[in-house]
Amino acid sequence: MNKPEKVTLFIQCLVDTVFPETGAAMVTVLERLGLKLDCPSNQTCCGQPAFNAGHQREARAAAVKFLDIFEDAEVIVCPSGSCVNMVRNHYLELFADDPKMLVRAQAVSMKIYEFTEFLVDVLGVESVGARFPHKVTYHASCHLNRFLGVDRQPRTLLAHIDDMTLIEMKDADTCCGFGGTFAVKYSEISGAVLEEKVQNIVDSGAEVVTGCDMGCLMNIQGMLSRKNIPIEVKHIAQLLAEK
Amino acid sequence: MSTIAPEKYKENASKGIADPVLQKALGGLQDRLGPATEKLYNSQPEGHDMRPRAHQFRRKAIDNLDVLLSTLADKVRGHGGIVHFAKTAEEAVEICKKIALENDVKTVVKGKSMVTEEVGLNLALEKEGIEVYETDLGEYILQLSGEGPTHIVAPAIHKTRREIAELFTEKLGTPYTEDPPTLTRYARKALREKFLKADMGISGCNLACAETGHIVTVSNEGNIRMSTTLPKIHVAFMGMERIVANLEEQQSILRLMSMGAAAQEIGGYVSYVGGPAQADHSDGPQEFHLIIIDNGRSKILADPEFREMLCCIRCGACLNVCPVYGKIGGQAYGSPYCGPVGAVVTPLLFGINTSADLCAGETLCGACKQACPLEINLPRMLLALRSKLSDGDPDWQVQPKSKGENLLFSGWQRLNNNRKIYDTLLDLMRMLQHLLPAKQGMITRLPWPFSGWTANRNMKKLAPKTFMQQWKETKEKKDS
Amino acid sequence: MTTQKDFIGDISTALGRPTPAAVDLFTVAPTTAEQDILKNIRQRSPGERQPFIKTLQEVSVPLHLDFHPERSLEDIRQAIITLILEKDPEWGTKKSVVRWDHPLLNSLNLEAAAELKDISLYTTSPVAATLSAEERQQQRQQTRKEVEESFIGITSADYCIAATATLAMKTRPGQARSVSLVPSIHLAVVEESKLLATLEELYTLLKWDEAEQAEGLTNNLSLVSGPSKTGDIELVMVHGAHGPRELHLFLVADRS
């Protein structure tokens, strides 16, 4: 793919409502690269929470709305691997028995990218000229890493941030225990899984934990805060926007 | 012995999480086996093709199960064996009981077999006054202590050497020691007597080979070889899906199974059993019975969404990477089948509604699929089960699990469909969130239905403005 | 009771038959790759097998398999005699040894060793088809008694696989499977020409070699890789769970 004329932003609902600074950071990075951006302001959630909880009817309704809004885009970029996995992979399953919708879902599936994947694989960018003089550890979120196969891309971008020390934590690619409604319905199990993740982050000695999914990072932040551990949580876009 | 109680998932998970010995054991097991298995997968001469190809072999076998089972049955009969077919658990148990009673069997030694746990064999034989001994060391320990397994391959890892020492002293009358080699020797001695006097040996079947007409068993201890060599009768229990067409496919899956189970190139003892001892042979059982069991499997077979599950060979590789299993342990699943595999198999075999928590109680992180030697898509099937639980499904006798949750999500969908209402609700929530207890911008207690979240973590407050609002404002500024 | 017809019928229904079965279920001819493997094995010179011995040595260590350096029949005979004299029985004090009736083991002629005159040496003989059922039963009981009594069992193997230190043993008259299982110590004496590189080679032979095809896998084929082991107590590796505690391997150099 050549450099697109215009990038359409798909803002994960958590970023939209709780972490808008992550969205703003992504905008900063993309604009610095000279890209024209568009952001349909009637967008909402892609339907993943409903889908993962087994409510396919509701997920399908969300998917229809998503396709209505985004199908004319040239390229769609989202700061969440999990949401991209939903649109790229699960929409196809949701519409497996509906040939007309399936064609639309396939078309969108082909042009949606997770933020770091877009930078490295589409734009061919490895360094965005960022500087962040801190010790950072990276959490490889599950859907991004396993279902999209995106791991090298964020690590490449991180490796090119000036003055930053990247520390590999133990089991960086092990789940943080989020899992959407799982974290609420099975909070004790979720908390036990998270406990180990937080311990690994603490043991790494990093000042900041980063990743490509605000869902996981919100989960991690929740326990760091509960335990009064002064480690900051930042989406990778926020690090890449630092100068 | 395991009782089927998946409805106690949450309760039992709590116990597991609170057990420091279990936590240490699970951590050690996952740290050791997970990465070692992955390393082996990546070092095979067949390259990265090996696992997808093996999946195809299994899928082909399942798609042709009628042909393969007929072939296996014919060949085993040709080798002098006797083949039985059991539609249900009860029937499988009856067949075995009848063989035992007709041959005046007093003592049975068993190699580890999950399907005999599934059908509840031990209890039925014991009711007839027959002594039944589990001979896998881990299973033997659990039989002595009366517990269910924690892991498919290492069933007793939750027990410390001290507990085992006390157990052996009490039940076997051996001198107290916490030395694993000495404890192993005590069990070796106790079970050797049973092997030598047993008149029936029972095994499972890891993966039969149709074209040669052999069942295959794998162990590292040698207990299955003992159980199937020394007693005069060998009865093998086989779930009907444990078969593959030909020898070259069988070996590929067998090796993958060994890698998944114990990070080995091949299990220590692999036995191909085709029938009883031949007339001119000087040892081996005089009778060989093969019991092929359906017990709900043909229903799984008939459902295209779940047929893939029959490809599973129960190696336990998914347990060694699952973050949830790694915290709660195998007993929480209340089934002979635990871990990610159990979360799918248990509902399908024992009822989806009673196993609802097993279907919903995972993070869908995908580690299981990545670790599976056959790349079985467990997360996909968990999602399919969850969907049945929300909508209900007469074919599987599923009742919708929670009307409340259904209402919640249909409300959510209406909101999600209209950005204006969505924003209005956000405004409302933004006002209300100030009523919640908070510390440094982080909410410390959320109301129902989100209260679970704040049981062990805080939650950042909604931002004063959504990204969309900010975007519009910036855009307006630019435009003006 | 469910009949085979009903059982299989239910499966066919679940499969949505009458869709035809896959055509390649039972392979009938080796692939080109498999033909190459067969050719490789058949044309292999003793020199080409030497690297396998090194592999075998390396693999034996983590498996706790005692791979002995002796190569000539005479040296192996001496090493076995030493083992029999030095090792202690695990159960009781009487020293008995049982072995297969196998040409290679017969040629060791352990029975003639003066050092072993106080030790019972048993051989598992074939059960003659001419015997009555009762006589056959008696002979089997005798064999069983001897195997139980022995602290060392000596077998050969059809093949030895270097990459995994695996012994492949079919069951034949005179080659009782309990000899490699019930005694505490298993000694295997294998001709170097039986050495294969990988499990893939083994399975290719078992599947496509004409002699192997004619014999079949027999009613009991065992693949044994190292002594018995367990990690069931706190994942501590212990050797000698139920099968042999020790496995000693001797390779007889090619005499050609």
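The values are calculated or read from the model by the stated rules, or taken from the named source; none is laboratory data. In this text, all values refer to a predicted model and were calculated from it rather than measured experimentally. Glycine gets a Cβ as well: all are built from the backbone with ideal geometry, and neighbour counts include every protein chain shown. These accessible areas exclude ligands, DNA and RNA; they are computed on the full protein's heavy atoms, side chains included. Shrake-Rupley method; radii C 1.70, N 1.55, O 1.52, S 1.80 Å.
See the values below:
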read-out: Some residue of the range B:264-282 being farther than 24 Å from C:His186 by Cα, modelled with pLDDT of 95 or more, in contact with a Pro (Cβ under 6 Å, 6 or more places away or on another chain) and open to solvent by less than 10 Å² (accessible area, probe 1.4 Å); value: no
read-out: Residue match in the range B:276-288 (condition: within 12 Å of another protein chain (Cβ to nearest Cβ), outside any strand (DSSP E or B), closer than 30 Å to C:Gln139 by Cα and aliphatic (A, V, I, L, M)); value: yes
read-out: Lone qualifier among B:Thr363, B:Thr354 - being part of a loop (DSSP other than H, G, I, E, B) and surrounded by fewer than 24 Cβ atoms within 10 Å (Cβ to Cβ); value: B:Thr354
read-out: Breaking point among (1) at the interface with another protein chain (Cβ under 10 Å from one of its Cβ atoms); (2) of a type in the set (Gly, Ala, Ser); (3) crowded, with 16+ Cβ neighbours inside 10 Å; (4) part of a helix (DSSP H, G or I), for B:Gly80; value: (4)
read-out: Residue in the range B:388-398 that is in contact with a strand residue (DSSP E or B) (Cβ under 6 Å, 6 or more places away or on another chain), part of a helix (DSSP H, G or I) and surrounded by 15 or more Cβ atoms within 10 Å (Cβ to Cβ) present; value: yes
read-out: Residue in the range B:160-171 that is buried (at least 23 other Cβ atoms within 10 Å of the Cβ) and of a type in the set (S, T, N, Q) present; value: no
read-out: Any chance B:Leu247 is open to solvent by less than 20 Å² (accessible area, probe 1.4 Å), modelled with pLDDT of 95 or more, closer than 27 Å to C:Trp208 by Cβ and not basic (Lys, Arg); value: yes
read-out: Matching entry among B:Lys477, B:Lys420 (being in a helix (DSSP H, G or I), modelled with pLDDT of 95 or more and surrounded by fewer than 14 Cβ atoms within 10 Å (Cβ to Cβ)); value: B:Lys420
read-out: Residue in the range B:290-298 that is in contact with a Leu (Cβ under 8 Å, 6 or more places away or on another chain), open to solvent by less than 10 Å² (accessible area, probe 1.4 Å), under 19 Å from B:Val398 (Cβ atoms) and not in a loop (DSSP other than H, G, I, E, B) present; value: yes
read-out: Residue satisfying all of: in the range C:35-48; open to solvent by less than 70 Å² (accessible area, probe 1.4 Å) and within 19 Å of B:Pro45 (Cα to Cα); nearest to the chain's Cα centre (by Cα) among these; value: C:Ile41
read-out: Count - residues of the range A:198-243 that are polar (S, T, N, Q) and touching a Phe, Trp or Tyr at 6+ places or on another chain (Cβ under 7 Å); value: 2
read-out: Of all residues making up the range B:450-468, the number that are in contact (Cβ under 8 Å) with a residue 24 or more places away in the chain and more than 7 Å from chain A (Cβ to nearest Cβ); value: 2
read-out: The range C:209-243: number of residues that are touching a residue at least 24 places away in the same chain (Cβ under 8 Å), among the charged types (D, E, K, R) and more than 7 Å from chain B (Cβ to nearest Cβ); value: 2
read-out: Unmet criterion (only one of (1) surrounded by fewer than 20 Cβ atoms within 10 Å (Cβ to Cβ); (2) at pLDDT 95 or above) for B:Gln44; value: (2)
read-out: Which numbered condition B:Ala356 misses (of (1) away from every other protein chain (no Cβ under 13 Å); (2) over 23 Å from A:Lys197 (Cβ atoms); (3) not aromatic (Phe, Trp, Tyr)); value: (1)
read-out: Options B:Asp199, B:Asp179: the member that is farther than 30 Å from C:Gln142 by Cβ and out of contact with any helix residue (DSSP H, G or I) (no Cβ under 7 Å at 6 or more places or on another chain); value: B:Asp179
read-out: Qualifying positions in the range B:23-49 - of a type in the set (A, V, I, L, M), over 17 Å from the mean Cα position of the chain (by Cα) and within 11 Å of another protein chain (Cβ to nearest Cβ); value: B:Ala25
read-out: Wholly within the range C:81-163, strands (runs of 3 or more DSSP E) carrying at least 2 residues that are of a type in the set (S, T, N, Q) and at pLDDT 95 or above; value: C:120-124
read-out: Complete set of residues in the range A:103-152 that are open to solvent by 20 Å² or more (accessible area, probe 1.4 Å) and part of a strand (DSSP E or B); value: A:Tyr113, A:Arg131, A:Lys135
read-out: Test result for A:Ala159, more than 9 Å from chain B (Cβ to nearest Cβ), aliphatic (A, V, I, L, M), open to solvent by 10 Å² or more (accessible area, probe 1.4 Å) and within 30 Å of A:Met110 (Cβ to Cβ); value: yes
read-out: Residues located in the range C:192-208, provided they are more than 7 Å from chain B (Cβ to nearest Cβ), open to solvent by less than 30 Å² (accessible area, probe 1.4 Å) and outside any strand (DSSP E or B); value: C:Glu192, C:Ala197, C:Glu201, C:Leu202, C:Thr204, C:Leu205, C:Trp208
read-out: Any hit, the range A:216-231, residues being open to solvent by less than 30 Å² (accessible area, probe 1.4 Å), more than 20 Å from A:Pro79 (Cα to Cα) and more than 7 Å from chain B (Cβ to nearest Cβ); value: yes
read-out: Flag for A:Gln48 being touching a helix residue (DSSP H, G or I) at 6+ places or on another chain (Cβ under 9 Å) and either surrounded by 21 or more Cβ atoms within 10 Å (Cβ to Cβ) or among the charged types (D, E, K, R) (or both); value: yes
read-out: Positions within the range C:189-208 being among the hydroxyl-bearing types (Ser, Thr, Tyr), under 17 Å from C:Thr32 (Cβ atoms) and touching a residue at least 12 places away in the same chain (Cβ under 8 Å), in sequence order; value: C:Thr204
read-out: Pair list, Cβ < 9 Å and 6+ apart or interchain, from the range C:113-133 residues that are under 16 Å from C:Val179 (Cα atoms) and at the interface with chain B (Cβ under 9 Å from one of its Cβ atoms) to residues that are among the hydroxyl-bearing types (Ser, Thr, Tyr) and in a helix (DSSP H, G or I); value: C:Thr124/C:Thr143; C:Thr124/C:Ser178; C:Ser125/C:Thr143; C:Val127/C:Thr143
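Yes or no, residue by residue, for (1) loosely packed, with under 12 Cβ neighbours inside 10 Å; (2) touching a strand residue (DSSP E or B) at 6+ places or on another chain (Cβ under 8 Å):
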| residue | (1), (2) |
| --- | --- |
| C:Ser12 | no, no |
| C:Ala33 | yes, no |
| C:His64 | no, yes |
| C:Ile76 | no, yes |
| C:Leu85 | no, no |
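A quick yes/no check of all residues on (1) buried (at least 17 other Cβ atoms within 10 Å of the Cβ); (2) facing chain B (nearest Cβ under 7 Å):
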| residue | (1), (2) |
| --- | --- |
| A:Asn2 | no, no |
| A:Thr17 | yes, yes |
| A:Ala25 | yes, no |
| A:Thr44 | yes, yes |
| A:His55 | yes, yes |
| A:Ala61 | yes, yes |
